[in-house]
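Report on one structure; see the data block that follows.
The values are calculated or read from the model by the stated rules, or taken from the named source; none is laboratory data. Only a predicted model underlies this, so the values are computations on that prediction, with no experimental measurement involved. No Cβ is skipped: glycine too gets one built from the backbone with ideal geometry, and neighbour counts run over all protein chains shown.
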Amino acid sequence: MNKKTQLIHGGQTTDAYTGAVTTPIYQTSTYMQDEIGELRQGYEYSRTANPTRSALEGLIADLEQGSYGFAFGSGMAAISAVMMLLDKDDHLLINSDVYGGTYRALTKVFTRFGIKADFIDTTNIDAIEQYIKPETKMLFIETPSNPLLRVTDIKRASEIAQKHNLISVVDNTFMTPYFQNPLTFGMDIVLHSATKYLGGHSDVVSGLVVTSDANLAERLGFIQNSTGGVLGPQDSYLLVRGIKTLGLRMEQIQRNTLAIIEMLQQHKAVKQVFHPSIVDHLNHDIHEAQSDGHTGVVAFEVADIAHAKKVISKSQYFTLAESLGAVESLISVPALMTHASIPKDVREKEGIADGLIRLSVGIEDTQDLVEDLEQSLNALDN
Ligand SMILES: *Cc1c(COP(=O)(O)O)cnc(C)c1O
């Protein structure tokens, strides 16, 4: 089954009981038992399982070419559940430009439970092994990363993890299962902030986890049920609905993104453009080999903060907001917004200049977006 068909026919999103074509919203917390312990369809209590959530979990498992899916109340709840696979005194390796919320959870919460993390440059895959200690139990990567779209080699990362018996995890939020399937390269776990492209309409906060490993699945299911950060039936329904158009959206987003990049690369007010589609972007070839397309997140640098602010104020179709991955185009300045909590010198060392602008390209008309951004940049010359 090709991907666009799988978005519609993957999982089991029709209702076995009534024949309803779309997943019904089973807005119930508990289920009647015919006799004590005799459950009609295996459902007992909705923290443990709910049919609407099960439909979504089966769908995302199929889309990621895995066997077991888990839906959580946010991307961070999903990431936290994965971190709970670790024990006290365990250590994990993670890319240094990881999502800020993941960094915060590890350095402010999980550290209190004795889990230690080293934040390293994973773009240089051969350098990873030197950081592995006897207590290292997990390798966690995001590729491409935020906001500079740094690419890590998924296959090599999974080989290193296997060799050293580490649980390997990819945060696949930026790529979506439509464009990249880390499990097919041997990774153990793939996860998403489904708040972004999977939901796609800026109306749901959710996280998804998929694995093919029965043992990890059993542990994740136990953690999900025990700690309880589950997704409700209404939001599960919205995600199943959003996912149906993921392919259409990603293709329009990719078309728009590539056209915008072409304009940006030629504009004299733009110092540099960051995107894995660019031939001289670090690890461009690796990205091409491990994915089927491109994210709509793109970053570019103008002279300074004043210029960045001016571009934002002049643009009409790019809404000033954090987040990414929805139908509407968004614009932000990482140094003042998503990455403001990182000290300026650390930020600059990571390559996040004050004049860096991040776009999340939406599904609007290609020409409208290109012209809008171009006229905003033209205003800088005056
Ligand atoms: C947004 C995001 C998260 C966190 O997801 P929430 O749904 O906001 O909790 C994690 N990873 C990446 C790459 C993200 O963009």
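The residue that is nearest to the chain's Cα centre (by Cα), counting only those in region 18-39 that are exposed (fewer than 11 other Cβ atoms within 10 Å of the Cβ) and not small (Gly, Ala, Ser), is VAL21.
Please go through region 121-132 and give me each residue that is buried (at least 17 other Cβ atoms within 10 Å of the Cβ) and not in a helix (DSSP H, G or I), ordered by number. Talk me through it step by step, then tell me what you get.
Narrowing region 121-132 to residues buried (at least 17 other Cβ atoms within 10 Å of the Cβ): 122-123, 125, 128, 132.
Across region 121-132, the qualifying residues are THR122, THR123, ILE132.
When SER46, SER80, SER67, SER54 are checked against the criterion of being assigned by TED's automatic domain parsing to the domain that holds HIS164 and either among the charged types (D, E, K, R) or closer than 15 Å to LEU239 by Cα (or both), SER54 stands alone in meeting it.
Would you mind stating whether ASN172 is crowded, with 24+ Cβ neighbours inside 10 Å and either modelled with pLDDT of 95 or more or not polar (S, T, N, Q) (or both)? Spell out how you get there, then give the answer.
Values: crowded, with 24+ Cβ neighbours inside 10 Å: yes; either modelled with pLDDT of 95 or more or not polar (S, T, N, Q) (or both): yes.
Answer is yes for this residue.
Take region 73-112 and flag every residue that is β-branched (Val, Ile, Thr) and either within 11 Å of the ligand (Cβ to nearest atom) or assigned to a helix (DSSP H, G or I) (or both). Break it down stepwise before answering.
The initial filter retains those residues of region 73-112 that are β-branched (Val, Ile, Thr), namely 79, 82, 94, 98, 102, 107, 109, 111.
Answer for region 73-112, where residues must be β-branched (Val, Ile, Thr) and either within 11 Å of the ligand (Cβ to nearest atom) or assigned to a helix (DSSP H, G or I) (or both): ILE79, VAL82, VAL98, THR102, THR107, VAL109, THR111.
Here LYS310 clears all of (1) surrounded by fewer than 17 Cβ atoms within 10 Å (Cβ to Cβ); (2) in contact (Cβ under 8 Å) with a residue 24 or more places away in the chain; (3) over 18 Å from THR176 (Cβ atoms); (4) charged (D, E, K, R) except the condition numbered (1). Considering only residues that are of a type in the set (D, E, K, R) and more than 29 Å from ASN181 (Cα to Cα), look in region 40-57 and name the one that is farthest from the chain's Cα centre (by Cα). That would be ARG40. The requirement of being within 22 Å of GLN180 (Cβ to Cβ), in the same structural domain as SER206 (by TED's automatic domain parsing) and within 15 Å of the ligand (Cβ to nearest atom) is fulfilled somewhere in region 120-128, by at least one residue.
The numbered conditions (1) of a type in the set (Phe, Trp, Tyr); (2) under 18 Å from the mean Cα position of the chain (by Cα); (3) within 16 Å of the ligand (Cβ to nearest atom) are all true for PHE185 except (3). With respect to the conditions (1) closer than 30 Å to HIS281 by Cα; (2) more than 15 Å from the chain's Cα centre (by Cα); (3) at pLDDT 95 or above, MET83 lacks only one, and its number is (1). Of note, ARG347 does not satisfy the criterion of being in contact (Cβ under 8 Å) with a residue 60 or more places away in the chain and of a type in the set (Lys, Arg). Applying the criterion of being of a type in the set (Val, Ile, Thr) and assigned to a loop (DSSP other than H, G, I, E, B) to the residues of region 149-174, the residue that is nearest to LYS137 (Cα to Cα) is THR152.
When ILE253, ILE261 are checked against the criterion of being at pLDDT 95 or above, within 16 Å of the ligand (Cβ to nearest atom), more than 14 Å from the chain's Cα centre (by Cα) and not assigned by TED's automatic domain parsing to the domain that holds THR173, ILE253 stands alone in meeting it. For region 286-300, a tally of residues being more than 18 Å from the chain's Cα centre (by Cα) and surrounded by 22 or more Cβ atoms within 10 Å (Cβ to Cβ) returns 1.
Every residue in region 206-218 that is buried (at least 17 other Cβ atoms within 10 Å of the Cβ) and away from the ligand (no atom under 14 Å from the Cβ), please. Residues satisfying the conditions are VAL210, THR211, SER212, LEU216, ALA217.
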